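Every number in this text was worked out from the coordinates using simple rules, so none of it is lab data. None of these values were measured; they are calculated from a predicted model.
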Amino acid sequence: MSSVEDTWTNMAPEHPMADRLGYVLKRAQHALRTSMDDQLSHLGVTTAQFNVLSAVQRQPGVSNASLARGAFVTAQSMLGIVANLEKMGLLHRTPHQTHGRIMQSELTQKGTEVLARAREAIDDVEKSMTVGFTAEEIVTLRSMLQRCAQNMHSA
């Protein structure tokens, strides 16, 4: 465990917000993001870049605006992320056939290979996060978190 993670673990119970659901959720998200970034770093990609590679594989040609929404970053930030992935040889972008200003992204062979290894790393992180959970508890947790997100979007 890193000293940053140790600090979070040790200080959290005394934190004045420790009994608030939002605080506990943020702690879990922070720990997850930190672990994902750590595990992906040996592949030379970030969590946001992993998210983009996954989205492009699912939907080749997806717009930068859609990528930004899915990665929880601004459109301007996404331009930089996509440009970096292209420089790294993980994405190839071409102009849209009828909308010349729209650039369509596709994974390169290298991008496909890096994404496969990144998925394995992320699977390991998620397994670590849910150690001791039953399969049913994981399904329930996922469902409850999805409902929380839906409730917040409709509020």
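Data for the structure
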item: Contour minus Cα-Cα distance for ALA155 and GLN76 (0.36 nm per residue); result: 25.7 nm
item: Square roots of 5 times each gyration tensor eigenvalue, C-alpha, region 7-92, largest first, Å; result: 31, 15, 10
item: Relative contact order for the chain, counting Cα pairs under 8 Å that sit 6 or more residues apart, in percent; result: 20
item: Cα-based convex hull volume of the chain per residue, rounded to whole Å³; result: 155
item: Contour excess over end-to-end distance, with Cα ends at ARG142 and ALA116 and 0.36 nm allotted per residue; result: 7.1 nm
